[in-house]
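Presented below is the structure to which this report refers.
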Amino acid sequence: MQFFGGSEISPSPPAPTASGNNGHMMYVFNRNGVCLLYREWNRPLRTLDAQQDHKLMFGLLFSLKSLTAKMDPTSAVEKGNLGMPQLPGQGCSFHSFRTNTYKLSFMESPSGIKIIMVTHPRTGDLRESLKYIYNLYVEYVVKNPLYTPGSPIRCELFNTTLDQYARGIA
């Protein structure tokens, strides 16, 4: 079953946008900012401990979402204060940003699950890839009767499938 448009989860994932192992790391947060999953594939420099890194990433996402909602030129309603939480799909949103050393791609599900993928800066649009990863999450984690919602993801089948897919993302 596919939860982001379309029908069943596709046995073949979306085609990578370029060749190579360009996926550096991935985060999955719940709506409360708890990091459910963190995976690394290509991160040569480690500057923070894991907990600080997760807080920094969630804070960045929170700030960017608030900023994009505040700057939305199409919304005629009162925008409220900068920093006020937005519901998923509410107002203007961002999908990615790029620096000279990495590209951060972001997707938020209607249930508030946030998936962040950090890749090489030349990586193309990853929206479909992030939707595919979310569908993997639903199939292998959410539907797992042994999984407790809000706890860290420890599903070996999900991790293996994710690792295999992420290594092909460019």
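The values are calculated or read from the model by the stated rules, or taken from the named source; none is laboratory data. This is a predicted model, so every value here is computed, not measured. Note that we place each Cβ from the backbone using ideal geometry, even for glycine, and neighbour counts take in every protein chain shown. The area values use the complete protein model at the heavy-atom level, side chains included, leaving out ligands, DNA and RNA. Shrake-Rupley method; radii C 1.70, N 1.55, O 1.52, S 1.80 Å.
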**Q.** Point-to-point label distance, L67-K143, nm (Cα→Cβ direction, 7 Å offset)
**A.** 3.8 nm
**Q.** Potential extension, N30-Q51 segment - 0.36 nm per residue separation minus Cα distance
**A.** 6.1 nm
Q. What lysines sit close enough to K70 to cross-link, taking a C-alpha to C-alpha distance under 19 Å and skipping anything fewer than 8 places away on the same chain?
A. K79
Q) Simple spin-label model, 7 Å along Cα-to-Cβ: F94 to D125 in nm? A) 1.8 nm
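When only the heavy atoms of the protein chains count and the probe is 1.4 Å, how do S105, S93 rank by accessible area, highest first?
Values: S105 5, S93 70 Å².
Largest to smallest exposure gives the sequence S93, S105.
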